[in-house]
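All remarks here apply to the structure that follows.
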Amino acid sequence: MRITCPYCGARDSREFEYLGSAKLLERPEGDAVADFHDYVYLRENPTGENAELWQHVLGCSAWLHVLRNVTTHEILDVKLASDVREGKV
Amino acid sequence: MRYSALQILKNGLTGNKGWKPVWRDPEPKKSYEVVIIGGGGHGLSTAYYLAKNYGVRNIAVLEKGYIGGGNVGRNTTIVRANYLLDGNLEFYSHSLKLWENLEAELNYNVMLSQRGCLLLAHDDGQFDGLARRGNANLATGDDAVLMGREDVRNFVPYLNFDDARFPIRGGLLQRTGGTARHDAVAWGYARGADMQGVDLIQNCEVTGFKIAGGKVLGVETSRGYIGAGKVGMSVAGRTSQVAEMAGMRLPIESHVLQAFVTEAVKPVIDTVISFGMGHFYISQSDKGGLVFGGDIDAYNSYAQRGNLPMVEHAAEAGMALMPMIGKARMLRSWGGIMDMSMDGAPIIDKTPVDGLFLNGGWCYGGFKATPAAGEAFAHLMATGSKAEFASKFNLNRFETGHLLDDEGTGARPNKH
């Protein structure tokens, strides 16, 4: 797999560290146990497109929001995670 | 037919024409008392123990593909009981005891070979960790031998003891660990279940559940609707999709784990060895191939194939540990899809749907659990209560905080 970092261009996936589902950007308000149980542990785990968080650890260190097909490993879209969280894109 | 030396002799002398198919290929009935989804090792052993231990006679196992074609035929065949935490300890201990009697139990040669399982340490911290783990195993009644560097050298002299980065500090040997023939385990349980009247229905994919008033009534399948009093899900790798059809979301991500085998060579590795750095483990199959594997590819995947970085990683770790394997040519590599749970431990529990039960989240440890997982799941489905040796694999433990994080890595499936 090659991931196109918005800052660094197309790079080998070895340069990136995978964190998990991009739902981790949506931290719940308040302190309800049910909300945090869902946030920390429950996953959609789809077979097709999955929105994920990757960090370009061996490059610019940016956190990326990556849309990837988990059956074909095709990378469909890459954005800066901060832009997605702030609703800029 | 019961297998025996006499049968082999008789059939050997008569052109081997007396062997019959060992399980039937029945049409699905309209309904069953119990339906197990998934004809892998766990589903088959669940059906076997439901029939044998609990007298349930009206059981179907629904398999999307063919018996033995899933993860039970893709794993690296290792059997061991050297976990660390209560909950896991007593479960794998019980499973190993079942393994030791499995051939007599099933009248089937599963080729269990208790050739030992050695975990290596490369620094003082790791060695202390192994001592702690060994003590936990001894306290559970399992076998554990803490070995210093020279003991390890006497046991497996062909390792690279003086690697500049990862010199071998010592190891923890479980002599009762080893390997078993994975296909034979599936076939043995399939035959044992069939002999007790269990219908093994292949090429039958479950496409939905019929649920009314919070209770499961049956399953829609590619071969028509099948009614059921109770339904058990045992579908490693696809647990999230099957559970989703019942309206559930689970603490599971699916990841790909690769494994590798070299061309067959003469006997050289007579035990199972786990490198303590970079996660690499190796054994030699009875056919002579060196079977080895490493970490999962570390991102969600349903591809049943991995990518080159993990192939290189496993090969590099192997070369660092035992440079001699560089002379062997790699024959094949393959990938299987793992239910990676959020704490690294499995789930054997009821679900919010009455009559629907879940066995999943085995990460890459499902094969060694095959006998005990089946027995525990059968116990749960038959009695409604948890077996004593599998009482902590609760679905709600992520909500209550009773996690079984053997690796201590938190809610990061790709770190387990």
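Couple of notes before you dig in:
- Among the residues making up segment B:267-300, a single one is within 14 Å of chain A (Cβ to nearest Cβ) and β-branched (Val, Ile, Thr): B:ILE296.
- Subset of segment B:329-340 [farther than 19 Å from B:GLY70 by Cα and buried (at least 17 other Cβ atoms within 10 Å of the Cβ)]: B:MET330
- Some residue of segment B:316-332 being among the small types (Gly, Ala, Ser) and in contact with an Asp or Glu (Cβ under 7 Å, 6 or more places away or on another chain): yes
- Number of the condition not met by A:GLU26 [criteria: (1) within 11 Å of chain B (Cβ to nearest Cβ); (2) under 14 Å from the mean Cα position of the chain (by Cα)]: (1)
- Pair list, Cβ < 9 Å and 6+ apart or interchain, from segment B:40-67 residues that are at pLDDT below 95 to residues that are not in a helix (DSSP H, G or I): B:ARG57/B:GLU33; B:ARG57/B:GLN196; B:ARG57/B:GLY197; B:ARG57/B:VAL198
- Taking strands (runs of 3 or more DSSP E) as the structural unit, those lying wholly within segment B:317-409 and holding at least 1 residues that are without any contact (Cβ under 8 Å) to a residue 60 or more places away in the chain and not acidic (Asp, Glu) correspond to B:347-350.
- Residue in segment A:48-58 that is touching a residue at least 40 places away in the same chain (Cβ under 8 Å), assigned to a strand (DSSP E or B), facing chain B (nearest Cβ under 10 Å) and not polar (S, T, N, Q) present: yes
- As a summary of the residue check, A:SER61 satisfies the conditions (1) of a type outside the set (Lys, Arg); (2) more than 15 Å from A:ASP12 (Cα to Cα); (3) outside any strand (DSSP E or B) except for the one numbered (2).
- Residue match in segment B:374-392 (condition: under 21 Å from B:GLY178 (Cβ atoms), in the same structural domain as B:ALA193 (by TED's automatic domain parsing) and crowded, with 22+ Cβ neighbours inside 10 Å): yes
- Index of the failed condition, A:LYS88 passing every other in (1) of a type outside the set (Asp, Glu); (2) more than 23 Å from B:MET342 (Cβ to Cβ); (3) in contact with a helix residue (DSSP H, G or I) (Cβ under 9 Å, 6 or more places away or on another chain); (4) facing another protein chain (nearest Cβ under 8 Å): (4)
- Breaking point among (1) within 14 Å of another protein chain (Cβ to nearest Cβ); (2) of a type in the set (S, T, N, Q); (3) buried (at least 17 other Cβ atoms within 10 Å of the Cβ), for B:GLN241: (3)
- Each residue in segment B:393-413 was checked for being surrounded by fewer than 20 Cβ atoms within 10 Å (Cβ to Cβ) and basic (Lys, Arg), and 1 of them qualify.
- Screening B:LEU6, B:LEU50, B:LEU44 for residues that are loosely packed, with under 14 Cβ neighbours inside 10 Å and not in a loop (DSSP other than H, G, I, E, B) leaves exactly one candidate, B:LEU6.
The values are calculated or read from the model by the stated rules, or taken from the named source; none is laboratory data. From a predicted model like this one, the values you see are computed outputs, not experimental measurements. Counting neighbours? That spans all protein chains shown, and the Cβs are built from the backbone with ideal geometry, glycine included.
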